[in-house]
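K.L.:
What follows is a single structure, and I will ask about it in a moment.
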Amino acid sequence: MSIDKTLKIRLKDYHVEEIAPKVYKINEFNLSTMFVIVGEKSAMVIDCGTGVGDFKAVVERLTEGKPYSLYITHAHVDHVGGREQFEEMHMSEKDVPIIKDVTVSYRKSYIDVMRYLMGFKVIRKRDAVIKKVEKEPKLVFVKEGDVIDLGGKIIKVFEVPGHTLGSLAFLDETDRIIFTGDDINPNTLLFLKHSTTVEELYETLLKIKNIEGYDTIWASHLSAPVSKEVFENGIKCAEKISKRRNGFPMIAMTGYNKYVIIHLSHRRRKKKIK
């Protein structure tokens, strides 16, 4: 295990949970959630968090000396902030424009926001070690239909535009788990610069629903998998917005049975859902 001696936050400080055989969920101090899937030949890291400590040490302990690669669900600050510890980053080409905004100052601001939203149950800035990205990792673009063979575990890539244009989902067929990033979240943010329309999110949610090969949905930022009921509420919420909203230029919050989508009421496609 390699540990960066300049980092104060190390392996013992991350909460690691095995959610399936050799599949791990890592809580980054309530800032983000990352996953590691370990096969017989290699391993896959899903997202690298905000970057507040030695996440690489966590990864190398879990992967037990096997080679591993980093894959990104989408390029927001809490998913690519820790990229300075990796040489390569697999992601959608559509999310590349977002990366330039993920700076040290933005990562610190994100901590402030999350401490407020999470009732201060988040790491303090003075305890975090946030390094500037001196060298950007090499970007390797992946797309719908790509298959990752870890040896005994097969992962399929799906394009799921919504929270961002380039959002990806990863289906672990072996363990029957799909990892969806921030697309399926009881508090879905769709008002951001690189988000899609609600209509496109609706189509994505239907697409995910129809994917075969999974029993469990793991989204980011959650302590438990997304239940079938919550997922259906998300679909109904997106459908409700698409059929009934007005065109006033404002940020709107619309809910359905405690599933909330925050969106721009005037950002819509001309073609409505029938």
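The values are calculated or read from the model by the stated rules, or taken from the named source; none is laboratory data. Computed from a prediction, not measured in an experiment: that's the story for all the values here. Because the Cβ atoms are built from the backbone with ideal geometry, glycine has one as well, and the counts that use them run over all protein chains shown.
K.L.:
Considering region 143-177 alone, what residues qualify as being closer than 25 Å to Ala238 by Cβ and touching a Lys or Arg at 6+ places or on another chain (Cβ under 6 Å)?
P.N.:
Scanning region 143-177 gives Leu165, Gly166, Leu171.
K.L.:
Still on this structure: Being outside any loop (DSSP other than H, G, I, E, B) and farther than 17 Å from His79 by Cβ is the filter here; which residues of region 187-203 pass it? If you could, list the steps in order and put the result at the bottom.
P.N.:
We begin by selecting, within region 187-203, every residue outside any loop (DSSP other than H, G, I, E, B); these are 187-190, 198-203.
Selection gives Val198, Glu199, Glu200, Leu201, Tyr202, Glu203.
K.L.:
Ok, one more. Being surrounded by fewer than 18 Cβ atoms within 10 Å (Cβ to Cβ), at pLDDT 95 or above and of a type in the set (A, V, I, L, M, F, W, C), is that true of even one residue in region 20-34?
P.N.:
yes
K.L.:
Turning to a different aspect of this structure: Have a look at Asp78, Asp112, Asp127, Asp101 and point out the one that is buried (at least 24 other Cβ atoms within 10 Å of the Cβ) and farther than 22 Å from Pro21 by Cα.
P.N.:
On the way: Asp112 fails: buried (at least 24 other Cβ atoms within 10 Å of the Cβ); Asp127 fails: buried (at least 24 other Cβ atoms within 10 Å of the Cβ); Asp101 fails: buried (at least 24 other Cβ atoms within 10 Å of the Cβ).
Selected residue: Asp78, the only one of Asp78, Asp112, Asp127, Asp101 that is buried (at least 24 other Cβ atoms within 10 Å of the Cβ) and farther than 22 Å from Pro21 by Cα.
K.L.:
So which pairs qualify, if the first residue must be in region 146-161 and free of Cβ contacts under 8 Å to residues at least 24 places away in the same chain and surrounded by fewer than 19 Cβ atoms within 10 Å (Cβ to Cβ), the second must be in a strand (DSSP E or B) and not aliphatic (A, V, I, L, M), the Cβ gap must be under 6 Å, and the two must be at least 6 apart or on different chains?
P.N.:
Final answer for the pair search is Val147/Lys156.
K.L.:
Exactly one condition in (1) modelled with pLDDT of 95 or more; (2) closer than 26 Å to Leu70 by Cβ; (3) outside any strand (DSSP E or B) is false for Leu222; which is it?
P.N.:
Going through the list (1) modelled with pLDDT of 95 or more; (2) closer than 26 Å to Leu70 by Cβ; (3) outside any strand (DSSP E or B), Leu222 breaks only (1).
K.L.:
Here is a further query. Residues that are modelled with pLDDT of 95 or more, in contact with a Phe, Trp or Tyr (Cβ under 7 Å, 6 or more places away or on another chain) and not aliphatic (A, V, I, L, M): find the strands (runs of 3 or more DSSP E) completely inside region 97-186 holding 1 or more of those.
P.N.:
Numbers: elements: 138-141, 147-149, 154-159, 168-172, 177-179.
Ranges flagged: 168-172, 177-179.
K.L.:
Now for a separate question. Determine whether region 47-56 contains at least one residue that is modelled with pLDDT of 95 or more and not in a loop (DSSP other than H, G, I, E, B).
P.N.:
For region 47-56, residues modelled with pLDDT of 95 or more and not in a loop (DSSP other than H, G, I, E, B): absent.
K.L.:
In addition: Taking Asp175 as meeting all but one of (1) under 25 Å from Gly39 (Cβ atoms); (2) without any contact (Cβ under 8 Å) to a residue 12 or more places away in the chain; (3) of a type in the set (D, E, K, R), write down the number of the exception.
P.N.:
Every listed condition holds for Asp175 apart from (2).
K.L.:
Take the residues in region 75-93 that are outside any helix (DSSP H, G or I) and touching a residue at least 60 places away in the same chain (Cβ under 8 Å), then tell me which one is nearest to Thr50 (Cα to Cα).
P.N.:
Of all residues in region 75-93, those outside any helix (DSSP H, G or I) come to 75-76, 81-82, 86-92.
The next check asks that each one be touching a residue at least 60 places away in the same chain (Cβ under 8 Å); those that pass are 75-76, 91-92.
Details: Ala75: 11, His76: 9, Met91: 16, Ser92: 19 Å.
The residue in question is His76.
K.L.:
Sort out which residues of region 180-231 are within 14 Å of the chain's Cα centre (by Cα) and at positive phi, and write them in order of number.
P.N.:
Gly181, His221
K.L.:
Among the numbered criteria (1) among the aromatic types (Phe, Trp, Tyr); (2) over 17 Å from the mean Cα position of the chain (by Cα); (3) on the phi < 0 side of the Ramachandran plot, which single criterion is violated by Phe120?
P.N.:
Condition not satisfied by Phe120: (3).
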